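Colleague: Could you have a look at this structure, given as structure tokens, before my questions?
FYI, it's all coordinate maths here, none of it is from the lab. None of the values given here were measured: they were computed from a predicted structure. All Cβ positions, even for glycine, are placed from backbone atoms using ideal geometry, and neighbour counts span all protein chains on display.
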Amino acid sequence: MLARGAAAAGLFLIMEALSGSLPVPAYRWFAAAFGALLLVSCGPRLVTAQTERPVSEPYTGSTNIFEYPGRDQRLQIDRVMDELQIQAGKTVADIGAGGGWFAVRAARRVRPGGRVYAVEINDQFLETIATRARREGYDNIETVLGEPGDPKLPKASVDAVLLLKTYHEVADPVALLKNTRLALKPGGLVGIIDRNGTGGDHGLDRSVVIKEAKIAGFELVRSFDFVKADEQDYFLIFKATAS
Ligand SMILES: C[S@@+](CC[C@H](N)C(=O)[O-])C[C@H]1O[C@@H](n2cnc3c(N)ncnc32)[C@H](O)[C@@H]1O
């Protein structure tokens, strides 16, 4: 509200300066400069036309809904991990980890010697994951508080990343993917499992994901439909393009 008011005041000052209604030229320069400063610092955030699309509200309900019986089989999560080359000793990031459903499966798979970063923007979910990891004996899960455009992962640290039913909620997807790219070790893979949709309906068309990943410096290496029998969900695997 305050920011919008300040931005409007900035625009008003610029228009006044341009209209020549201020009597002294020095006042005009000052009004234009101050107005521009207000507009730039308080105006709406600009996103490129390439990524302007609806984004779903991040899920904040109970994480129990991700733990339903048969989810391993429906998603064929072992095959997903095979395709992402998740094996003993590897480092994996689960971005949008929710209650840690995938993080614990990956943590089991990378033993011994491997680790999992469970990344969330919701700090309550991170507490849930930390408690769960302690209770279930996974000392190789590290929780990370990310930002909408940055998973806050160490540079060149991960072999594989999975965004499971999360990408449609990411508010700053190209920035998130660019930062994820920096976190990958050479040859690292990024998997995205999601459902076709508009972005605002808890799904996003795969063509949009591929387009945004390309902008962020990724190329599609494989595309699958096995992750759910309803043929709505897709599983895409990307690798960083040579820079
Ligand atoms: C629908 S839930 C899926 C949870 C989990 N991946 C699963 O399938 O069991 C999506 C999660 O992504 C998280 N999220 C949304 N945007 C995010 C971002 N930019 N970085 C990390 N997590 C994000 C939300 O807080 C939410 O917990």
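Colleague: Would you grab the residues whose amide H sits under 5 Å from the one on T91? Only those 5+ places off in sequence or on another chain, please, with H modelled 1.01 Å from N.
Modeller: When sequence neighbours closer than 5 places are left aside, the close amide H contacts are R115, D159, A160.
Colleague: What do you get for Rg/Rh of the range 193-243 when both radii come from the Cα atoms and Rh is the Kirkwood radius?
Modeller: Checking Rg against Rh, the ratio lands at 1.01.
Colleague: Between the alpha-carbon centers of the range 92-129 and the range 131-187, tell me the distance in whole angstrom.
Modeller: So the separation of the two Cα centres works out to 9 Å.
Colleague: So if I average 1/r over every pair of distinct C-alpha atoms in the range 90-202 and take the inverse, what Kirkwood radius in Å does that give?
Modeller: After inverting the mean inverse Cα-Cα distance, the result is 13.9 Å.
Colleague: Provide the FRET efficiency to the nearest 0.05 for the Q85-K228 pair, computing r from the beta carbons and using R0 = 25 Å.
Modeller: Plugging the Cβ-Cβ distance into 1/(1 + (r/R0)^6) gives 0.70.
Colleague: Separate question: What lysines could a cross-link reach from K152, if we take a straight Cα to Cα line under 22 Å and drop same-chain neighbours fewer than 8 places away?
Modeller: Excluding near neighbours in sequence, the set is K90, K165, K178, K185, K214, K239.
Colleague: Looking at the range 58-142, what % of the alpha carbon pairs are farther apart than 16 Å? Working shown, then result.
Modeller: Working: 1800 of 3570 pairs.
Of all Cα-Cα distances in the range 58-142, 50 percent exceed 16 Å.
Colleague: Still on this structure, I have one more. Packing-wise, with mean Cβ within 10 Å as the measure, how do 80-90, 172-182 rank, highest first?
Modeller: Put in order of decreasing packing, that is 172-182, 80-90.
Colleague: Something else now. If amide hydrogens are placed 1.01 Å from N in the peptide plane, which non-local residues have theirs closer than 5 Å to the one on G146?
Modeller: The answer is E120, I121.
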